[in-house]
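Step one of this worksheet: look at the structure below.
The values are calculated or read from the model by the stated rules, or taken from the named source; none is laboratory data. What you see is a predicted model; the values in this text were computed from it and never measured. All Cβ positions, glycine included, derive from the backbone under ideal geometry; neighbour counts span all protein chains shown. Heads up: the accessible areas ignore ligands, DNA and RNA and are worked out on the full protein's heavy atoms, side chains in. Shrake-Rupley method; radii C 1.70, N 1.55, O 1.52, S 1.80 Å.
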Amino acid sequence: MASLNRDSRRQRLQPLAASLVAVALGFGVASAQADDLPKLVTKTPLKVGFAQTESNNPWRLAETKSFKEIAAKCGWQLVMTDANGSNSKQVSDIQSMIAQHVDLLVFPPREEKPLAPVVLQAKKAGIPVILVDRNVDQSVAKAGRDYITFIGSDFIDQGHRAADWLIKATGGKAKIIELEGTTGASAANDRKKGFDEVIAKQSGMSIIASQSGDFARDKGRQVMETLLQAHPDVTAVYAHNDEMALGAIAAIKAAGKQPGKDIQIVTIDGTKGGLDAIASGELGASVQSSPFFGPLACDVAQRFAKGEKIPTWVKVSDRFYDKSNVQESMQYGY
Ligand code: AHR
């Protein structure tokens, strides 16, 4: 019941994107001390580097679109790259933006550790950085000291919410396969931590296998195919994103089982494909993970340029979708 209350409170508190930064900035976690950080010039256009990790799923495409759409409104001239799923390419893309002397760098670090040193390189070159979506290893580069802020969801809480739903859906009895996101990504690390710690407290539930599907639909399908053969007794799947859940649904059907009946599935993202699968009954629930960081990054940059203190984490609050609200929530799918 506690989690039901928590979810309904969240549903009521969903802020609109426009008011999100104001809400987040109003409730400070620790604030960034601008003294240590490179300054942000105020000029139009502002040359902003946006280094995307990959473009292989609707979430990434929606994130990129959000930056393209805000650029004109915010007076940004965007320099954009796509690392095609490679940490080393994302690092070299960012290094090239540093060499071009962009005024501001904004990027989702693909993995926590490999992308941390380049944040320090940007700082050394006098370029302010805003991280969006995923964070870097805080023992190497720290928000508020080495970069302005991290704008993103609470991935641990997303894992908690997915686990809470699964406990209710299965009456606290399940043999779970976990499909993890990209190994080393903060989204995968924290979604696993949050989910696993809640499930560990349930005596009737166990995670019988946990393997990376790299946040990709086809990889999720392949991993699920293999794990289904090794664990035919599986009764639930927790996928770290909708794309892998959709891949798992294909594998479950190919094995002659019914997703949503023989096997309950819970996931994260809230894509259009995820919402359609909830409507058809194959997917049980999806915790939203908003990819719409463009307006937030614009607002943070403008406030930072004016000398305002920015919290070290601008937390994005996320919706929750299941069969009870999927029809009226279709408008939020992407
Ligand atoms: O970091 C966020 C995750 O990355 C999204 O859940 C996933 O779909 C994307 O690739």
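Amide H contacts of residue 46 (H built 1.01 Å from N, in plane; Pro and chain starts excluded): 76, 77 sit under 5 Å, all sequence-distant by 5 or more or on other chains. Set against the 2.2 N^0.38 Å expectation for a compact globular protein, the chain has a Cα radius of gyration ratio of 1.00. Across the chain, C-alpha contacts under 8 Å between residues 6 or more apart give a mean separation that, scaled by the residue count, equals a relative contact order of 21 percent.
Where the alpha-carbon atoms of segment 155-288 are placed on the principal axes, they occupy 31, 29, 29 Å, in descending order. Compared with the dominant Cα axis of the chain, that is its longest principal axis, helix 2-12 is turned about 50°. Sorting 149, 226 by solvent-accessible area of protein heavy atoms yields 226, 149, largest first, with a 1.4 Å probe.
Net charge in the neighbourhood of residue 89 (other residues with Cβ under 10 Å of its Cβ; Lys, Arg +1, Asp, Glu -1) is -2. 3J(HN,Hα) along segment 167-176, derived from phi through the Karplus expression 6.51 cos²θ - 1.76 cosθ + 1.60 where θ = phi - 60°, amounts to 4, 5, 5, 10, x, x, 10, 6, 10, 10 Hz, with x in place of Gly and Pro.
Taking amide H as placed 1.01 Å from N in the peptide plane, the amide H of residue 132 sits under 5 Å from that of 107, 151, each at least 5 places away or on another chain.
A DSSP coil position with no more than 10 other Cβ atoms inside 10 Å describes the following trypsin sites (Lys or Arg not before Pro) in segment 191-267: 201, 261. Per-residue Karplus couplings for segment 223-231, computed as 6.51 cos²θ - 1.76 cosθ + 1.60 with θ equal to phi - 60°, are listed in order as 5, 5, 4, 5, 5, 5, 5, 6, 10 Hz, Gly and Pro entered as x. When the charge dipole of the chain is built from unit charges on Cβ atoms (+1 for Lys and Arg, -1 for Asp and Glu) and taken about the Cα centre, the candidate among 108, 313, 165 whose Cα reaches farthest toward its positive end is 313. Couplings for segment 137-149, taken from phi via the Karplus curve 6.51 cos²θ - 1.76 cosθ + 1.60 with θ = phi - 60°, read 4, 6, 7, 9, 10, 10, 4, x, 10, 10, 8, 4, 6 Hz in order; Gly and Pro are left as x.
Positive end of the dipole of segment 244-334 (Cβ unit charges, origin at the Cα centre): among 270, 283, 293, the Cα lying farthest that way belongs to 293. Could you please report the charge total around residue 142, scoring K, R as +1 and D, E as -1 over all other residues with beta-carbon less than 12 angstrom from its beta-carbon? It works out to a net charge of -1.
Working note: Cα atoms of segment 233-305, range along each principal axis, descending, whole Å: 57, 21, 15. If the segment from residue 84 to residue 39 were pulled out straight at 0.36 nm per residue, it would be longer than the present Cα-Cα gap by 13.1 nm. Distances between placed amide hydrogens fall under 5 Å for residue 174 paired with 205, 206, all partners being 5 or more residues away or on another chain.
Rolling a 1.4 Å probe over the protein chains gives residue 235 an accessible area of about 50 Å². Ordering 132, 236, 45 by Cα displacement along the dipole of the chain toward the positive end leaves 45 in first place; charges were set at the Cβ atoms of Lys, Arg (+1) and Asp, Glu (-1). Of all DSSP-defined beta bridges confined to segment 220-334, some 25% are antiparallel rather than parallel.
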